[in-house]
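Here's the structure we're looking at; comments come further down.
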Amino acid sequence: RKIIFNSTATLKAGFDMRDFTEKDVRCDLRKKKISLMLPAPELLSMQMKPEDIRLVYEESTGLRGKFTAEERNALQVQAQTDICAHVEEMGILEDARKFGREIFTSFLKQCGYETVSVNFKPVKEARK
């Protein structure tokens with residue numbers, strides 16, 4: 001048996017700022033210099049709406065019947081799990097790093113800092 005689905009998924013990545021503390025900020029007001037150590041970006045949400053999932057191809061041969069609704073649902077759950085497991089390879093977390101750095105740098109420069117450094121903590125294995 002073979003089956004192919006096509007779907008659109010919406011993934012949102014960002015920063016869990018609950019891990020951000022004053023120890024993650026180094027500031028020199030006299031030199032107008034600031035350095036931040038942000039939490040590593042992570043996948044915050046993943047949504048795959050049922051109405052966006054389309055059956056593209058299904059084949060059953062021999063004694064095996066078509067896929068049941070239960071089997072289709074299990075395959076869709078597996079697809080969501082696979083997407084979440086490969087989020088780093090998709091570049092989504094790198095995009096979050098890039099945009100996070102740009103947003104914090106722009107904000108802090110508007111606050112009067114001339115030198116801004118934004119870095120990220122290593123990814124926590126427990127959060128993957």
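Mind giving me the nanometre distance, one decimal, between the label points for Thr61 and Asn6, set 7 Å out from Cα along Cα→Cβ? So the label points at Thr61 and Asn6 sit 2.4 nm apart. Surface composition of the stretch 9-128: carbon and sulfur make up 53 percent of the accessible area, probe 1.4 Å. Karplus-based coupling profile of the stretch 79-92, in residue order and whole Hz: 4, 4, 4, 5, 4, 4, 5, 10, 4, 5, 5, 7, x, 5, with θ = phi - 60° in 6.51 cos²θ - 1.76 cosθ + 1.60 and x standing for Gly or Pro.
The slack between Lys23 and Leu44, meaning 0.36 nm per residue of separation minus the straight C-alpha distance, is 5.2 nm.
Find, among the GluC sites (Glu not before Pro) in the stretch 62-115, those assigned to loop by DSSP (not H, G, I, E, B) with at most 16 other beta-carbon atoms within 10 angstrom.
In loop regions of the stretch 62-115 (DSSP not H, G, I, E or B), the sparsely surrounded GluC sites (Glu not before Pro) are Glu88, Glu89, Glu114.
Might you tell me the accessible area per residue for the chain, computed with a 1.4 Å probe and given in Å²? Here the per-residue accessible area is 73 Å². The count of lysine pairs in the stretch 1-56 whose Cα atoms are under 26 Å apart, excluding pairs fewer than 8 places apart on the same chain, comes to 5.
DSSP loop (so not H, G, I, E, B), at most 16 other Cβ within 10 Å: list which trypsin sites (Lys or Arg not before Pro) in the stretch 20-115 pass both filters. Counting only loop positions with at most 16 other Cβ atoms within 10 Å, the trypsin sites (Lys or Arg not before Pro) in the stretch 20-115 are Arg30, Lys31, Lys32, Arg64, Lys66. Quick check: from the Cα gyration tensor, does the stretch 8-60 come out rounded (a/c under 1.5), prolate or oblate? Prolate shape, in that a/c is at least 1.5 and a/b is the bigger ratio. Taking the helices alone, the chain has a mean residue ellipticity at 222 nm of -9500 deg cm²/dmol, built from -39,500 (n - 2.57) per DSSP H run of at least 4 residues and averaged over all its residues. For the stretch 1-83, chymotrypsin sites (Phe, Trp or Tyr not before Pro) meeting the loop criterion (DSSP other than H, G, I, E, B) and having at most 16 other Cβ atoms within 10 Å: Phe20.
The values are calculated or read from the model by the stated rules, or taken from the named source; none is laboratory data. Every value quoted in this text rests on a predicted model; they were computed, and no experiment measured them. Cβ sites come from the backbone with ideal geometry, for glycine too, and all protein chains shown count toward neighbours. We work out accessible area using only protein heavy atoms, side chains counted, and drop any ligands, DNA or RNA first. Shrake-Rupley method; radii C 1.70, N 1.55, O 1.52, S 1.80 Å.
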